[in-house]
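K.L.:
Could you have a look at this structure, given as structure tokens, before my questions?
The values are calculated or read from the model by the stated rules, or taken from the named source; none is laboratory data. Computed from a predicted structure; not experimentally measured. All Cβ positions, glycine included, derive from the backbone under ideal geometry; neighbour counts span all protein chains shown.
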Amino acid sequence: MTGYKPSYFNVFLTFARNSLVRDMSFRTNFILQCISTISWTVMNIGFYLIVFQYTDSIGKETGWGRDEFFVFLATTWIINSLVQTFFMPNAQQFSELIRSGNLDFALLKPIDTQFAISFPRVDWAALSNLLMGIILLGYSLFQLTTKPENPLILDWRAILMYPFYIVCGTVIMYSVMIILASTSVWLGRNQTLYNFWFYITNFSRYPMEIYKVGWGMALWVFFTFLVPVLLVVNIPARIMARPLSTMNSQMWQLAGFAIFATLACLFISRRIFVRALKSYRSASS
Amino acid sequence: MPMALIELHNLQKTYRVYQKKEGLRASIKGLFKRTHKDVHAVKGIDLQVEQGEFVAFLGPNGAGKTTTLKLLSGVIHPTSGTASVMGYTPWHRENDYRRRFALVMGQKNQLWWDLPAQESFRLHQQIYGIEPQQFQNTLDELTNLLDLRELLGQPVRELSLGERMKMELTAALLHSPEVLFLDEPTIGLDVVAQHNIQQFLKYYQEKRKITILLTSHYMKDVAALCKRVVIIADGRIQYDGSLSGIIDETTNRKLVTLQFADPLTDQLMNSLKRFGTVVRHEAPRVTLGVTRDDVPAMLTAILDAHDIDDLIVEEPPLEEVIAEVFTRVSESSAVQATEDGNC
């Protein structure tokens, strides 16, 4: 018998290390991936710079001016890149493991199966977006804090809450993905993951205020309370981009709800994952 | 009575499969109304295996061998019945259990395709929490025995099938499992690679006294490794005993090969047919299938009447005997099905 229990952290480090070794062995592919990711973000900025040629803010009197919105955009990138680096390739792979029957090996390992399928691959190239996000965040915060009129004063509470809510947002996205990928057990095949990701991030990457008119309200309720992806970027971005003193009580309530939503998503995804494993059929031999 | 290391009681596994009919129209219909069929992969298996045994599962494709191994590894849940391996219920998937056994599948690989095998081994070290010194010792031993030392640094995708299988075995044995399930570990390998793996398994099992369940389609694997053979066909155990016992129990024929000094005339051939069926005829040799009890009388008669240069009396090849068993089972289950249908 072996002496000690496995350290999940060390296992994760080995996963990350192996992924890096693998990525490095396809060097050109890795570089191309980084370039295409960064180009996409640069085009994104370009697009919004054009938008802000025509308007001063996203929505009337919402407080999302150009630099505030760039904080929002940077937050989107940071969360997206975390999800794409750590979870997207694995959720995709999990779905494939179920279809091909190779999930067998994950089930044999003496570690938590959800851990074993959630982390084995790290897409290091997607991390370039994180860097871009941090640069954009730094730049826009500099602009906001140094503008001559009504400069933003950075609040230490905001600085603490921001990374916390980034983590919450990432966890919500991860949970939604695990739920979707788990359905492959019953559906046999579920390749809607990337499409779904695209649809969802399309909704989540704008300030939630824009939905609160007319029939948009229905979208707002759905993506806030049922599939809480609107909270993912909105909460941390709001906390960071504008003074906490101007946050209304509804926003504070939503910030509280976001914590609950994170835990609920995690709990539900765990339940669905465990159910899925019970129904796993292990395709072919 | 103390429990055996592995105990199965009336283990059953039924899959529900979607019946897809041919053609576009049927496919579209299938979108709205699906018909399902129950496939009984394992129909009730009872089995006891003691510590240190090396047992072979034989059976035709789809007989339920792999399903049984998957149930024992806890990869899938049974429909009914119980199983205990070292006191654990496999499908509860306790970490303590998972530390103590391994499953190797000839058709699936677990090593990272784009990485050298040693990176995957290191991952196993972390996952199983193997102490560095012990890990290094085990790895050295296995790579020496399997002659893999030079290949550790090569990406798995560049290895031959045989080399990859050896790497898979190494990966599975790094944590020194007490029970090993092998599902067709030599499938698709050439004779030399098969032989190497057989030799390794034999040596390793004798040295470590671990318990191994093996499925294979190669009789050579089975003959070289296992004293005990379990024939599974149609989801049930049809035979459980020694390899030689299969021949005793399922056939009463012997093969008699005669090499004649006299020319093989038609008349001679006709006279031979009295004793049994001609299995092979390559002049001057003739091989006859003869009922066991008739062999002495036949030999006396022939030796009296003819000049014989050479004489061999042997058991029929295992493959043939086992094929006979398989055929018999599938025929009887077909009869069973018709009878069930009539009820």
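K.L.:
Just to be sure, is B:E158 in the same structural domain as B:D221 (by TED's automatic domain parsing) and either crowded, with 18+ Cβ neighbours inside 10 Å or modelled with pLDDT of 95 or more (or both)? Full working, then the answer.
P.N.:
Numbers: in the same structural domain as B:D221 (by TED's automatic domain parsing): yes; either crowded, with 18+ Cβ neighbours inside 10 Å or modelled with pLDDT of 95 or more (or both): no.
No.
K.L.:
Spot the failing condition for A:G3; the list is (1) within 14 Å of chain B (Cβ to nearest Cβ); (2) within 20 Å of the chain's Cα centre (by Cα); (3) modelled with pLDDT under 90, and only one is missed.
P.N.:
(2)
K.L.:
Among the residues of segment A:179-217 satisfying the criterion of being within 25 Å of A:G65 (Cα to Cα) and small (G, A, S), which is surrounded by the fewest Cβ atoms within 10 Å (Cβ to Cβ)?
P.N.:
So, considering only residues that are within 25 Å of A:G65 (Cα to Cα) and small (G, A, S), the one surrounded by the fewest Cβ atoms within 10 Å (Cβ to Cβ) is A:G214.
K.L.:
Which numbered condition in (1) within 12 Å of chain A (Cβ to nearest Cβ); (2) closer than 30 Å to B:A63 by Cβ; (3) charged (D, E, K, R) is the only one that B:R164 fails?
P.N.:
So B:R164 meets the others, but not (1).
K.L.:
I would also like to ask the following. Here are the criteria: (1) closer than 23 Å to A:V176 by Cβ; (2) buried (at least 17 other Cβ atoms within 10 Å of the Cβ). Tell me which single one A:W40 does not satisfy.
P.N.:
All conditions are met except number (2).
K.L.:
Taking the conditions exactly as written (touching a residue at least 12 places away in the same chain (Cβ under 8 Å), surrounded by 14 or more Cβ atoms within 10 Å (Cβ to Cβ) and within 14 Å of chain B (Cβ to nearest Cβ)), does A:A237 satisfy them or not?
P.N.:
no
K.L.:
What is the residue count in segment A:240-285 for residues that are surrounded by 14 or more Cβ atoms within 10 Å (Cβ to Cβ) and charged (D, E, K, R)?
P.N.:
3
K.L.:
If you take the residues in segment B:244-261 that are at pLDDT below 85, surrounded by 14 or more Cβ atoms within 10 Å (Cβ to Cβ) and polar (S, T, N, Q), which one is farthest from B:V290 (Cα to Cα)?
P.N.:
Among those residues, the one meeting the criterion is B:T250.
K.L.:
Can I ask one more? I'd like to check which helices (runs of 4 or more DSSP H) are fully inside segment A:193-266 and have at least 2 residues that are farther than 18 Å from A:G59 by Cβ.
P.N.:
Qualifying helices (runs of 4 or more DSSP H): A:193-204, A:229-241.
K.L.:
Now a separate question. Any idea how many residues of segment A:22-37 are among the aromatic types (F, W, Y) and either in a helix (DSSP H, G or I) or away from every other protein chain (no Cβ under 12 Å) (or both)?
P.N.:
1
K.L.:
Of all residues being over 15 Å from B:R100 (Cα atoms) and assigned to a loop (DSSP other than H, G, I, E, B) in segment B:167-215, which is farthest from the other protein chains (Cβ to nearest Cβ)? Just the residue, please.
P.N.:
The selected residue is B:D190.
K.L.:
For B:K70, only one of the following conditions fails: (1) of a type in the set (K, R); (2) under 27 Å from B:V325 (Cβ atoms); (3) not assigned by TED's automatic domain parsing to the domain that holds B:Y239. What is its number?
P.N.:
(3)
K.L.:
Looking at segment A:262-280 only, could you name the residues that are farther than 12 Å from A:I178 by Cα and modelled with pLDDT of 95 or more?
P.N.:
Answer for segment A:262-280, where residues must be farther than 12 Å from A:I178 by Cα and modelled with pLDDT of 95 or more: A:T262, A:L263, A:A264.
K.L.:
Given B:Q118, B:Q107, which one is surrounded by fewer than 21 Cβ atoms within 10 Å (Cβ to Cβ) and either assigned to a loop (DSSP other than H, G, I, E, B) or facing chain A (nearest Cβ under 7 Å) (or both)?
P.N.:
Residue meeting the stated conditions: B:Q107.
K.L.:
Can you find a residue in segment B:40-62 that is touching a strand residue (DSSP E or B) at 6+ places or on another chain (Cβ under 9 Å), within 28 Å of B:Y218 (Cβ to Cβ), among the β-branched types (V, I, T) and assigned to a loop (DSSP other than H, G, I, E, B)?
P.N.:
no
K.L.:
If a residue has to be away from every other protein chain (no Cβ under 14 Å) and free of Cβ contacts under 8 Å to residues at least 12 places away in the same chain to count, how many in segment A:240-285 make the cut?
P.N.:
13
K.L.:
While we're on this one: Could you check, for segment B:99-114, whether at least one of its residues is touching a helix residue (DSSP H, G or I) at 6+ places or on another chain (Cβ under 8 Å) and among the acidic types (D, E)?
P.N.:
Residues of segment B:99-114 touching a helix residue (DSSP H, G or I) at 6+ places or on another chain (Cβ under 8 Å): B:99, B:101-106, B:108-114.
Checking which are among the acidic types (D, E) leaves us with B:114.
Yes; the residues of segment B:99-114 include at least one that is touching a helix residue (DSSP H, G or I) at 6+ places or on another chain (Cβ under 8 Å) and among the acidic types (D, E).
K.L.:
For B:W113, state whether it is among the hydrophobic types (A, V, I, L, M, F, W, C), in a loop (DSSP other than H, G, I, E, B), surrounded by fewer than 22 Cβ atoms within 10 Å (Cβ to Cβ) and more than 8 Å from chain A (Cβ to nearest Cβ).
P.N.:
Considered against the rule, which asks whether it is among the hydrophobic types (A, V, I, L, M, F, W, C), in a loop (DSSP other than H, G, I, E, B), surrounded by fewer than 22 Cβ atoms within 10 Å (Cβ to Cβ) and more than 8 Å from chain A (Cβ to nearest Cβ), B:W113 comes out as yes.
K.L.:
Among what's in segment B:25-48 and is free of Cβ contacts under 8 Å to residues at least 24 places away in the same chain and surrounded by 10 or more Cβ atoms within 10 Å (Cβ to Cβ), pick the residue that is farthest from B:V230 (Cα to Cα).
P.N.:
Applying the filter and picking the extreme gives B:K29.
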